[in-house]
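What follows is a set of notes on a single structure, which appears directly below.
None of the figures in this text is laboratory data; all of them are computed from the coordinates on show. Owing to the predicted nature of the structure, the values given are computational and were not obtained by experimental measurement. Reconstructed Cβ throughout: ideal geometry from the backbone, glycine too, with neighbour counts over all protein chains shown.
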């Protein structure tokens, strides 16, 4: 492929000013003007639908389709929630967008609200993003002062208010109904579905929840057109009728044991190996990679042998991962003990499980206890079986929990056990020689 | 009409809106559940009720969903197929139980809930006797003071959140909450805001395990030794249906019994904890007559004929001077028998209604955080603190048409118009008392006073005869609540000492033979008093019978 010119990161790459004047000079709010002048809300929805844009938050649900789930002719209000609770470990693409080019995001929000007829948007920002909060608030103030927010935007019959809402620091607030509950001032316990948020969401009104990067893409779909968006990425697999394809540019985060941790924008479908070698500067200290997490910790683990998998919505699934997730790649080198990786994963999910559903609350706690014991050298071979079984049986896929956190908690654990079993077994066996196990009654 | 297939067995559920747990119940299949309760919102979080679900198409083919679903959250529709015995459903339930037991202490031998614990029952039925966890369990500290009446054994909690939802949705006062996250979640109160609303102890019944315990019952008795009878709470005119748990002549606790016609699922703490006087050592234990200023015990047979003769001679002199005062704590049958006795002495003999205790105003729930009542009302504690005013009034109306108040009787007594007075009291000891010192002084002018009561009062200090009454927990009969609902009460303990049930005493006065058998008397009463005609059957059923009621 010819040299790709970044779109979402275009202004950030040239270190342009984040403020309204500079953004407008770079063609900002052209798309909004175009939409308000020439397109009906329905046409915006159709354009996004035709573009094949899929949610960038992790699940990859088609954005246009999500918008069409809103009830027709609803008397309102309809709410737009923007999910900026970027809490998947090692993911920082939304942060860059919000902090460095806030107007690109805000234009996308305004366009999305125009399309969905939402008159109020809540931007749910994770607490840790203090700078993002200040930048966004200043940008929002600019918009109010320039008739781009509030009543009769750009002189049209379109009104919108955007509120910034800071979370209190919980992974579960990134789940869309958990986010809504948290926004309402409650404990972020994900809701049972149905009803889906599109029917009954925030404050019991129809609600759309979209990711920051998703709405940023909306800006460019309207500005540059559907064909431009579909010109990059991976078309759907004709053999798989459920594959909706992976179009458009995507922000990939690279972190972990690489020489050059960074966030790059590329068309969908780059392989993990290219990403690490060409953009991440290769594995650090001249070592080889042992494996990588392809899209946030909840998506599972890829071994080095699987690095040629393309990172599109369908790719990671083919090697036993849960999906593309947030496309935040974390590499760990060959010196890393998989037992430590497992322990870290278990600790994270045990800490972040909201505690609502029994299988997740107790399952993640149990996995952590086993991982801790394993790491101390008191593991047993049957512990691997238990870990694998728990990893398999918690989540919405087997139906045992309300939200997908448990799937994400189980997936990397069972991936780790299945893909690195010899290493685990060797670790356990080497520890068995000591008498530690007798202390816990393991024999 | 909707047909649901439970484990391949078709069940007609009519047009009711049921979830899968309820639909399966109709087929006699138990889907285990913790967080779901019919009076609370659905959260589907315990994941105990996981079953496999599908749909039977009109052509007979069945399409099953590819995963397990929670039965509490899934509505039963025409053609719904529920499978509780497939390996997937059984595994899911098994797994949930294993998960719940990971951090649940195995302290059943010292746990109050043992014997009626849903975790014990389900583990026995759906779970495994072994845990695969060899690591240490979490041991969060207990919270002995979560409220005046409730204590929390934090480590036993399985996080079903029933108690939290109860305080938010029914009591409305929202004292309980969940703090911390994941497997460190705990039930707690906001500091300084204890669980002290008047419905607080219901969380103990709601708790499926032994986490929330009643301080009143804690460590008093093992539940498998308790004998349970269906009864009615006598503490206010709501007439909550209850389970009366007693053993060896001691009442140990009261629990609400579901009755959609009376109060629903719950009961208030006043009623629940108001039974202690039944076990009181202050109670009268034998019939006594006052001789030379001192109460002297006499056998029942002698006392009965003495009282009867006293009243007969008074009634012969002047019928209107003979007065029977019926307490609203009497059962309908007892009121009927006493009315028969008094009216049998002379048609002019008078019947009066004893004092009706009214305390404050009706207290409705839910309340908001500031304690103001909100709509819709889900529970009412009534100001009228007696169980059977309407029933006794119906008897009075039948026998003499009008209802004479206790105040009127006192006035007549002061003016010397009462020669013989039968006070069937049976009141519990409450701060206000049923008779004031001034009233008692007025009654002192009556030459013959029979005080038939449970506990000493200003009247029993001078009454010529003091007869021990039986408490409601010791007798059978009928109470009619504020709405005209007739419910049966059943004895849970036998009266101690020489105490006889009130009905038996009235039998003796009436010179009837045999035992006072409440259902038989009820039949007789139903035949004679039109108000009670609907009670002619021998059984009032679990929920009682709503009487065609005039103004109450």
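List of remarks:
- Neighbouring partner chain Cβ atoms per residue of B:129-137, average, 10 Å criterion: 4
- The calculated FRET efficiency for residue B:377 paired with residue A:262, based on their beta-carbon distance and R0 = 51 Å, is about 0.25.
- Residue A:340-residue A:131 FRET efficiency (beta carbon distance; Förster radius 45 Å; 0.05 resolution): 0.90
- Summed over qualifying helices (DSSP H, 4 residues or more, each -39500 (n - 2.57)) and divided by its residue number, chain A shows a 222 nm mean residue ellipticity of -12000 deg cm²/dmol.
- Sum of -39500 (n - 2.57) over DSSP H runs of 4+, divided by residues of chain B (222 nm, nearest 500): -7000 deg cm²/dmol
- Three-way shape call for the stretch A:123-214 based on the alpha-carbon gyration tensor, with the a/c threshold at 1.5: oblate
- For B:98-106, mean number of other protein chain Cβ atoms within 10 Å: 4
- Angle between chain A longest axis and helix A:212-224 axis [Cα atoms, degrees, rounded to 10]: 40 degrees
- Span per principal axis, largest first, for the Cα atoms of chain B (Å): 88, 55, 43
- Inter-centroid distance (Cα atoms) of the stretch B:214-260 relative to the stretch B:159-205, Å: 23 Å
- Taking the stretch B:7-33 and a reference point 7 angstrom along Cα→Cβ of residue B:78, the backbone N atoms nearer than 17 Å belong to B:10-18.
- Rounded to 5, percent antiparallel among DSSP beta bridges of the stretch A:247-333: 80 percent
- Between 0 and 90 degrees, the angle of helix A:421-432 with respect to the longest Cα principal axis of chain A falls at about 40 degrees.
- The calculated FRET efficiency for the pair residue A:163 and residue A:425, based on their C-beta separation and a Förster distance of 51 Å, comes to about 0.45.
- Global geometry of the stretch B:391-442, whether rounded, prolate or oblate, following the gyration tensor of its Cα atoms and the 1.5 cut on a/c: oblate
- Values of log10 I(q)/I(0), in the order q = 0.04, 0.06 Å⁻¹, for the protein assembly as shown under a Debye, Cα-only, solvent-free model: -0.30, -0.60
- Helix B:87-102 axis versus longest C-alpha principal axis of chain B: approximately 70°, rounded to the nearest ten.
- Inter-centroid distance (Cα atoms) of the stretch B:346-378 relative to the stretch B:454-517, Å: 23 Å
- Estimated distance in nm for a label pair at residue B:546 and residue B:520, the labels positioned 7 Å out from Cα along Cα-to-Cβ: 3.3 nm
- Sequence ranges B:314-325, A:350-361, B:44-55, ranked by mean other-Cβ count within 10 angstrom, highest first: A:350-361, B:44-55, B:314-325
- Beta bridges per DSSP with both ends in chain B, % antiparallel, nearest 5: 70 percent
- Packing-based exposure ordering (other Cβ within 10 Å, fewest first) of B:422, B:336: B:422, B:336
- For chain A, built as a Gaussian network whose Cα springs stay under 10 Å, the top-fluctuating residue of A:233, A:130, A:363: A:130
- Classified by the C-alpha gyration tensor, the stretch B:392-506 has an oblate form. Its axis ratio a/c, with a ≥ b ≥ c, is 1.5 or above, and a/b does not exceed b/c.
- DSSP-defined antiparallel bridges as percent of all bridges, chain A, nearest 5: 45 percent
- Pair residue A:10, residue B:290: separation of 7 Å Cα→Cβ label points (nm): 10.6 nm
- Residue ranges A:92-102, A:399-409 sort as A:399-409, A:92-102 when ordered by packing (mean number of other C-beta atoms within 10 Å per residue, highest first).
- Ordering B:432, B:131, A:246 from the fewest to the most neighbouring beta carbons within 10 Å gives B:432, B:131, A:246.
- The mean number of partner chain beta-carbon atoms within 10 angstrom of a residue's beta-carbon across peptide A:347-358 is 6.
- Normalised by the number of residues in chain B, the average gap of Cα pairs under 8 Å and 6 or more apart makes the relative contact order 11 percent.
- Averaged over residues, the count of other Cβ atoms within 10 Å places the peptides B:372-380, B:173-181, B:67-75 in the sequence B:67-75, B:173-181, B:372-380, highest first.
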